[in-house]
1. Give the accessible area for Met18 in Å² (nearest 10); use a 1.4 Å probe, count only protein heavy atoms, and leave out ligands, DNA and RNA.
2. What trypsin sites (Lys or Arg not before Pro) does segment 11-75 have in DSSP loop regions with at most 14 other beta carbons within 10 Å?
3. More than 19 Å apart: what percent of Cα pairs in the chain qualify?
4. Between Lys11 and Arg93, what FRET efficiency follows from the Cβ-Cβ distance if R0 is 35 Å, with the result rounded to 0.05?
5. Quick one: how many lysine pairs in the chain have C-alpha atoms under 22 angstrom apart, if they're 8 or more apart or on different chains?
6. By accessible area of protein heavy atoms, probe 1.4 Å, what ranking do Val98, Val74 get, highest first?
7. Using a 1.4 Å probe, how large is the accessible area of Asp37, given in Å² and rounded to the nearest 10?
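The values are calculated or read from the model by the stated rules, or taken from the named source; none is laboratory data. For clarity, every value in this text was computed on a predicted model and none was experimentally measured. Here the Cβ positions follow ideal geometry from the backbone for every residue, glycine too, while neighbour counts run over all protein chains shown. The protein model used for the area step is the full one, side chains on, heavy atoms only, and it has no ligands, DNA or RNA in it. Shrake-Rupley method; radii C 1.70, N 1.55, O 1.52, S 1.80 Å.
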Amino acid sequence: DFKSAFEYWTKAAALGDMQAHRQLSVLYHNGQGVEKDEKKELHHAEQAAIGGSPMARNNLGCMEWQNGRVDKAVQHFIIAAKLGDDRSLENVRDLYKVGQVSKKDFAAALRG
């Protein structure tokens, strides 16, 4: 029940729960229990990333990548990879393969 989850995660996020922020971001992205809202999705993803969520940081990287801001995407992916997010490391690797990530940045992500 997404509406109940939304209410629970909204209360938890207000109390500073970073995983609740990440979950709210996903709900706003998918329009589950709420209307799709990119601004609210971004807000909650940023809060979760600031709080140390590697998955949220990866999601921010994906948003930047989709908007053509590869440099910002790579920064998010490297941070998330250093925090142990395997998907982010894969994203850096994929961007390295097509020449959009330097060898230095790829090495930084691997050192995570």
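1. For Met18, the solvent-accessible surface is approximately 50 Å².
2. On the way: sites: Lys11, Arg22, Lys36, Lys39, Lys40, Arg57, Arg69, Lys72; in loops: Lys36, Arg69.
In loop regions of segment 11-75 (DSSP not H, G, I, E or B), the sparsely surrounded trypsin sites (Lys or Arg not before Pro) are Lys36, Arg69.
3. Working: 2758 of 6216 pairs.
Everything past 19 Å amounts to 44 percent.
4. Working: r = 38 Å, r/R0 = 1.10.
Result of the calculation: an efficiency of 0.35.
5. Taking the chain as the scope, the lysine pair count is 16.
6. Values: Val98 105, Val74 10 Å².
Correct descending sequence by accessible area is Val98, Val74.
7. 50
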